[in-house]
Amino acid sequence: QVQLVESGGGLVQTGGSLRLSCAASGRIFSSYAMGWFRQAPGREREFVAACHWSGGSPYCADSVKGRFTVSRDNAKNTVYLQMNSLKPEDTAVYYCAAGATLMITSTWTPNYWGQGTQVTVSS
């Protein structure tokens, strides 16, 4: 079992920045990826970004490339999402996720989820 706890959400103006953190506990295998999804009101949950726990290049959705960066700190069992140049359309509940996968793509289906943290971008 893996437990995930997000923090760092909040209200920010258009063009601003936020950093989300996700602290993981439990058995995290080197084959695991960790990352972020989001769900806006009335919309399906969508992939945002993820990286492998053991290293390698992170993968970001096209909608956030160049603005969002996913990173990890293995010593702290924590994954981060740095969000810059935020737009109102980034408003959503952001979920941390973890699970085994050979290759990270936008169709990755995690095994574990956090409770979510709200990000609101005002125009």
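The values are calculated or read from the model by the stated rules, or taken from the named source; none is laboratory data. Just so you know, these numbers come straight off a predicted model, no measurement behind them. FYI the Cβ positions are ideal-geometry reconstructions off the backbone, even for glycines, and counts take in every protein chain you see. We work out accessible area using only protein heavy atoms, side chains counted, and drop any ligands, DNA or RNA first. Shrake-Rupley method; radii C 1.70, N 1.55, O 1.52, S 1.80 Å.
At a glance:
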read-out	value
Filter result for Ala61 (farther than 18 Å from Gln115 by Cα and out of contact with any strand residue (DSSP E or B) (no Cβ under 7 Å at 6 or more places or on another chain))	no
Looking only at the stretch 110-123, and only at residues there that are within 13 Å of the chain's Cα centre (by Cα) and part of a loop (DSSP other than H, G, I, E, B), the one that is surrounded by the fewest Cβ atoms within 10 Å (Cβ to Cβ)	Gln115
Enumeration of residues in the stretch 79-100 that are under 12 Å from Val12 (Cα atoms) and either in a loop (DSSP other than H, G, I, E, B) or open to solvent by 10 Å² or more (accessible area, probe 1.4 Å) (or both)	Asn84, Ser85, Leu86, Lys87, Pro88, Thr91
Some residue of the stretch 14-21 being on the phi < 0 side of the Ramachandran plot, of a type in the set (Val, Ile, Thr) and in contact with a Phe, Trp or Tyr (Cβ under 7 Å, 6 or more places away or on another chain)	no
Every residue from the stretch 1-41 that is in a strand (DSSP E or B), out of contact with any Leu (no Cβ under 6 Å at 6 or more places or on another chain) and among the aliphatic types (A, V, I, L, M)	Val2, Leu4, Val5, Leu11, Leu18, Ala23, Ala33, Met34
Scan of the stretch 68-98 for residues that are over 13 Å from the mean Cα position of the chain (by Cα) and not aliphatic (A, V, I, L, M), ordered by number	Asp73, Asn74, Lys76, Asn77, Asn84, Ser85, Lys87, Pro88, Glu89, Thr91
In the stretch 13-40, residue farthest from Ser122 (Cα to Cα) [restricted to those that are open to solvent by 20 Å² or more (accessible area, probe 1.4 Å), among the aliphatic types (A, V, I, L, M) and at pLDDT 95 or above]	Ala23
Some residue of the stretch 41-54 being at pLDDT 95 or above, within 14 Å of Pro110 (Cβ to Cβ) and open to solvent by 50 Å² or more (accessible area, probe 1.4 Å)	yes
Of all residues in the stretch 62-78 being over 13 Å from Val48 (Cα atoms) and outside any loop (DSSP other than H, G, I, E, B), the one that is least open to solvent (accessible area, probe 1.4 Å)	Thr78
